[in-house]
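See structure below.
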Amino acid sequence: MNAETALANRLGNRERNEDRCSILERAGVYLLLLADGMGGHAGGNLASQQMIDSITQQFRHVPLPVKDPRRFLRSLLEDSHRDIVALGRRQNPPITPRTTSVLCLVQNGSAWWAHVGDSRLYLVRDGKIAVRTRDHTFIEELRSQGALDEEQMRVHPLRNHLTHCLGSPEEIPPVDLSEETRLTPEDVIVICSDGLWGALDMDKVSKLFDSRSLADSVNTLAALAERSSHPRSDNISLVTLRLDRTESEPAEQPEDTAVTDESGAVPADQPA
């Protein structure tokens, strides 16, 4: 299986980029990764980088195709959580680095995803949002009760207060897991940090994923989010995938590929 992929990562108006994102691929199986390090805790950038490193290492060795995607994704996030806690304890003095996380596994024309925190996955179908993950936040609870709408969530003073994340030493966080979702060639998987969805009305901008290349759409969205939230722009990251319309059979590609730089941050103009 071949797919068109693209990602972007921007600093925004922050002094440090604590977002990390990557696209991993082996033998036609794709794993999309995104982590948003929590700036309210020391070492948010360490937590997000550790998540990327841990999952990249495990993906290199798992037999493909993955036999039990839901179990695999859960174990990736739980193992990453333990690695982040251990990393924090090794610091002098010890710290508690924390991060959100979204993963999406795509193989044989189907997708499975998992997340912890308020970084999101969207499934865009026919120019509209068909699926959105549920944030682990207090204001998401209010939205589910009908007390807030999407626009109110984006500006609410408690919008950054998470109920779950990776790295909290008290317990392994609950992981939200999707069921198998069959993809059509027109579907676009979008995973992003709150620097994107918090700056834009995603229902309106989802139409940007049309016949143009994903790289064009991704760069347009990232730049638009940065302009819309200036001068208080957060780090902005998004990772996308669309099945290759010309491919119907899995393509054997034995070598690992990943789109990321050595720090884990990816330039905004670098497509996958």
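Values in this text are rule-based calculations from the coordinates and carry no lab data. Predicted model, so just to flag it, every value in this text is computed and none were measured. All Cβ positions, glycine included, derive from the backbone under ideal geometry; neighbour counts span all protein chains shown.
Numerical summary
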quantity: Computed FRET value (nearest 0.05) for Ala86 with Asn13, which takes r as the C-beta separation and R₀ as 35 Å; calculated: 0.60
quantity: Relative compactness, segment 163-221, computed as alpha-carbon Rg over 2.2 N^0.38 Å; calculated: 1.50
quantity: FRET efficiency estimate (nearest 0.05) - Cβ-Cβ, Gln57 to Ser144, R0 35 angstrom; calculated: 0.45
quantity: Residue among Ser144, Ser22, Ser229 with the largest mean-square fluctuation in a Gaussian network model of the chain, springs linking Cα atoms under 10 Å; calculated: Ser144
quantity: Helix-derived mean residue ellipticity, 222 nm - over the chain, DSSP H n ≥ 4, -39500 (n - 2.57), to 500; calculated: -8500 deg cm²/dmol
quantity: Straight-distance crosslink candidates among lysines, where the alpha carbon sits under 22 Å from Lys128 and sequence neighbours closer than 8 are dropped; calculated: Lys204, Lys207
quantity: Contact order normalised by residue count of segment 36-165, Cα under 8 Å, 6+ apart, percent; calculated: 21 percent
quantity: Kirkwood hydrodynamic radius of the chain, from inverse mean 1/r over distinct Cα pairs, in Å; calculated: 18.4 Å
quantity: Residue of Gly167, Gly117, Gly109 that the Gaussian network model of the chain assigns the largest fluctuation, springs spanning Cα pairs under 10 Å; calculated: Gly109
quantity: Quotient of C-alpha Rg and 2.2 N^0.38 Å, computed over segment 64-109; calculated: 1.51
